[in-house]
Every structure is written in structure tokens, then in C-alpha cells.
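Worksheet for the structure shown next.
Derivation of every value follows stated rules applied to the coordinates shown; laboratory data play no part. Everything numeric in this text was worked out from a predicted model, so none of it was measured. Using ideal geometry, Cβ is built from the backbone for each residue, glycine included, and neighbour counts are taken over all protein chains shown.
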Amino acid sequence: MWGFLFFVYFVGLLFVSFGWSYAVDNLWITLNMDYKKTWQSIFYFLKELLPKHAIDAWFEPVVPIGISNDEILLEVPNQFFCEWIESHYKKDLINSIKKVEKGLVGYRLSIGAGKHQIEPVSLIEKTEKRTPVHQNNLNRQYTFENFIEGSNNEFAKNAAQSVSQAPGENNFNPLIIYGGVGLGKTHLMHAIGNSAVKTNSGLNIVVVTSEKFTLDFVNSLRKNKTIEFAQQYRSADVLLIDDIQFFRGKEQTQEQFFHTFNVLHQSGKQIVMTADKYPGEMKGLQSRLLSRFQSGLSVDVQPPNFEVRVAILLEKAEQNGISLDYDVIEFIAKHIKNNVRDLEGAIIRILAKSSLLNKEIDRQLVRDVIKERTGGKLITGLSVEDVVKKVSEASNITEKDIVGKSRKMEIAEARQVCMYLCRDIMGTSLNNIGLYFGGRDHTTVMHAIKAIKKKSKENKKITKIISTIQKELGESLQSF
Ligand code: ADP
Ligand code: MG
């Protein structure tokens, strides 16, 4: 009996001491765990998960300060940082932490006290000297002289020209140039800048894309330099800001832009913006911003008609030093309809192909280039309606359903097939496809096309529909 009790006591002792030393060991590990090394490993995993710009912007400045229980403590420069990491990278951060396998399950962020002061940027110097820093960003190629005018853009061009002659001095403030992709908005905006400095070289012309504005703003927050940021933009005599639809949903940036806008506007400085839509129809922008925008003038650019396309092609051919027969120019203008960027692209491609293959620019070469750009087909007189009709016949889904809003799988798929075919056969622009199919935006169309490309490799039914329609419509195409 005593022997047994002694045995139990002994085993118990063994357990307790083992357990104890294990616990102590564990504590010891926790206390001495090199949190900096741990952070390095987490950082390493993060780098595998996130793009470089995200790492540079949001994780380089993070400083590990310790480990408490099962969390790593991280210090970040400011509140905005905390929120950004929480809202954008929480999952990736936790996943990376868990991968380190030291029993860590999470993190805690705190705002650091000055350790993060990043090298003073040159923003202050720039503002103090008031040098027209951004004039450098003006694209000198974009002038009024080489902008071809047609009924699709003459109003926009005229408004832009009067703004450039007297920036801030007429009612066209702000001037907003809006319209689809590749129709000359950026060109006109830069032309305003180029022409304005010609008249007055001392003007501080600040040219940015909305993307750059947002990035500058975010960086200024990161480096606690918001005041310098504001000064830099508010020192503009003319602020040219491209693609403001990019501000969509970015509340803090809009706030900042609203103030910049007001300061400039009140002091009679000119603001010019471009956008993909009429300001009244833009979604995701604060209404107070939109109502400010509407106090100026909004002008649109439309796709060029046939004659304007011919004129543009002649101009671009001349600029690039190639001479093309008139019927070749007409041929291109007939096939490439939606935007000027594509027209320009065709000319450049013709030029490239001829010099790479060391070939004369002949009809065959032009035809090949156009085929490449229109998905292998040469077209005349085909329209989106034709495609919808064909797809409707092949899929037994009504045309009305196809162009409608239903999300039912078969209907959505037929719609996607149409989008794919329009792009493939006729090279219709993503924007126009989107417009036709229930006002969807071009990214939706892009996704649809990608999805169908993928499906057509796996799904025989889709492959068949697509190839049949391509063949049928192909027969009605005219060759050159
Ligand atoms: P957007 O900003 O509307 O997308 P861009 O201004 O970038 O379009 O224009 C795309 C290309 O087409 C540019 O190279 C531009 O020079 C050219 N372009 C557009 N419209 C015209 C025009 N009316 N005359 C000459 N070139 C034009
Ligand atoms: Mg543009």
C-alpha cells in the first residue's frame, strides 16, 4: 500500500516538475523571443503575399516593439496608418503572423512617437521656391495645333482654348472635359497647359492624374506632411487634374481635394479636370464636390465620325513620317471606329511591322494589322445588334434578356458571350460594349471577356457557339 502511494507521489512529482520546467521554458522563450527577428519573418511572408508598392508604403515603416502573450506589438506612424492596415491588410498580416509558428495569433498596433520620422522630403523646398515643379509633367506633344477638330470635339477644343488664353478669368472654371476612353481628354488638358505657358512662362502649372494626387496625399499622411502637400497643390495658378473618376470612394482624398479646389477657386486660379462621365452622373463622389464642379463648364468629347477619323489618320501618319495611300487610310478609318487611341495604335503598328519585317507598307501588311486589331476579321456594316441576334438564336435566350439586367446564369453567360464576340469580331470598345449591355462599366466587360476566354477552353458548348458565330458573321465581312 505504502509502496503504491509512494509510486503515485513519485510519478506526480515527476509530472509537476516536468510540467513546471516546460512552463518556465515556455515563458523563457516568450520573454526572450527576438521580436525583431519574428517581425522579419512575418515581413518575409507578407512580401510573398502583397505587391511591392503595398509593402513599401505600409509595412516598411512599421516598427516591432515587442511580443505580449500571443500578439506581436507593432508601432506605426499615425492613425491613418492603423486604419489603412486594418481595412486593407488585416487578413494578410494575420496569415503571415500565423505562419511564423511561434504560437502567435495576432497583432496590436500602436501609434509611435516620432521614431518614424522619415527623411524630410523635398516638398517644403519645392513649395518655398514656388518653382513650377509640375510643369515638367506637361506632355509637350499634346498641343492644340496637332489636335484635329471635328463636330465630336469642337466645343471642347474651343472651351479649352479660351481657358488657356485667360486662365481663371472667365466663367469656365472649373472646366471639365468628359467622355469615353481615348477621345482626346488628356490631350486637350495638356494642350491648355502648353498653350498657357507659352503666353506666360511664369505660370505655375500643376499637372497630375487623380491617381498621383491620391498617392501624394497618402504619402503626405504617412510622412506627416499634409501641410506641405496642401501648399504644393494650392500654389498652382493652373491645376490640371486628369481622370477624376479615380477619386470614386476615396473619402479622405475627396475631402482634401475639396479644400484644394475651394482655395484655388476662391483665389481665381484655373482648374481643369477630365472625367469619364458628365459630373452630374458620376457615382461615388461627394455631392458637394459635384455641385462645385457644376458651377463651371462641362464639355464632352465624342467618338470621331468617319471624316474626322480620316483627318486624324492623315495627321498621325504625317507625324510618324509615313505616307499612306488615301484608300488605305479610308480602310483603316472604316475598321477602327471607337477611339483615337486605337487609330493611332494602328498607324504605329503598321510602322512597326513594316520596319521589323523590313517590308514595304502595302495593302497586305495593312490588312494584317487591321485583322490583328479586330480579332482576325475585316468588317463592314456589322453591329452589336447582329451579334446579339446570333447569340440569341444559338442560345435560345431572347435578345431582350441578353441586353437586360437579369443575373440568371444562362442569361448572364449569353450576355458575356456577346461581349466577347463584339470585342473579338468588331473590336468594339469596352466602354461601348458596357453601354450597350445595360450601362455596365468597362471593367465589368473586361471581366466578362476574360471569363468567356477561360470558359471557352473548358466548355464545349460555348466554344461551339463562339466559333459558329465567328464563322457566320465572318462570311458577311468584306475584304479589302
Ligand atoms: P483620353 O484622355 O480621352 O483617354 P487621350 O487624350 O489620351 O484620350 O488621347 C489618346 C490619343 O489619341 C492621344 O495620343 C492623343 O494625342 C490622340 N488624340 C485624341 N484625340 C485627338 C484629336 N482630335 N486629334 C489628334 N489626336 C488625338
Ligand atoms: Mg486620359
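Site pair residue 368 and residue 403 shows an inter-label distance of 3.8 nm when each label is modelled 7 Å from Cα along Cα→Cβ.
What does the extension gain come out to for residue 90 and residue 227, with contour length at 0.36 nm per residue minus their alpha carbon separation? Spell out each step's value before the answer.
Values: separation 137, 0.36 × 137 = 49.32 nm, distance 2.89 nm.
This chain segment gains 46.4 nm when fully extended.
The order of the peptides 414-425, 187-198, 42-53 by mean Cβ neighbours within 10 Å, most packed first, is 414-425, 187-198, 42-53.
Using the alpha-carbon positions of region 306-373, Rg (one decimal) and Dmax (whole number) come out as 10.6, 31 Å.
How high is the FRET efficiency from residue 277 to residue 348, r the C-beta distance, R0 25 Å, rounded to 0.05?
Using R0 = 25 Å, I get an efficiency of 0.30.
Can you give the convex hull volume per residue for the Cα atoms of region 135-301, as a whole number of Å³? Before the final figure, lay out the partial values.
Details: hull volume 17.3 nm³, N = 167.
Expressed per residue, the convex hull around the Cα atoms of region 135-301 is 103 Å³.
For the cross-link pairs 99/250; 98/212; 157/337; 52/223; 185/353, the ones whose C-alpha atoms lie over 24 Å apart are 99/250; 98/212; 185/353. Computing FRET efficiency as 1/(1 + (r/R0)^6) for residue 151 and residue 326, where r is the C-beta to C-beta distance and R0 is 22 Å, gives about 0.55.
With R₀ set to 45 Å, the beta-carbon distance separating residue 251 from residue 470 gives a calculated FRET efficiency near 0.50.
Sequence gap at least 6, Cα distance under 8 Å: using those rules, report the relative contact order of region 135-301 to the nearest whole percent.
Numbers: 280 pairs, mean separation 57.3, N = 167.
Computed value for region 135-301: 34 percent relative contact order.
Close Lys pairs in region 384-473 (alpha-carbon distance under 16 Å; sequence gap of 8 or more, or different chains): 12.
Sorting check: for 155-161, 464-470, which peptide has the highest mean count of neighbouring beta carbons within 10 Å, and how do the rest follow? Could you put the intermediate results ahead of the total?
Working: 155-161: 19.7, 464-470: 16.9.
Output ranking for 155-161, 464-470: 155-161, 464-470.
For residue 198 and residue 110, compute 0.36 nm times the residue count separating them, minus their Cα-Cα distance, and round to one decimal in nm. Don't jump to the answer; show the numbers that get you there.
Working: separation 88, 0.36 × 88 = 31.68 nm, distance 5.11 nm.
Going from the current span to full extension adds 26.6 nm.
Quote to one decimal, in nm, the extra length available between residue 307 and residue 355 on full extension: 0.36 nm per residue of separation minus the C-alpha distance between them. All intermediate terms of the calculation are to be shown ahead of the outcome.
On the way: separation 48, 0.36 × 48 = 17.28 nm, distance 2.84 nm.
Gain on stretching residue 307 to residue 355: 14.4 nm.
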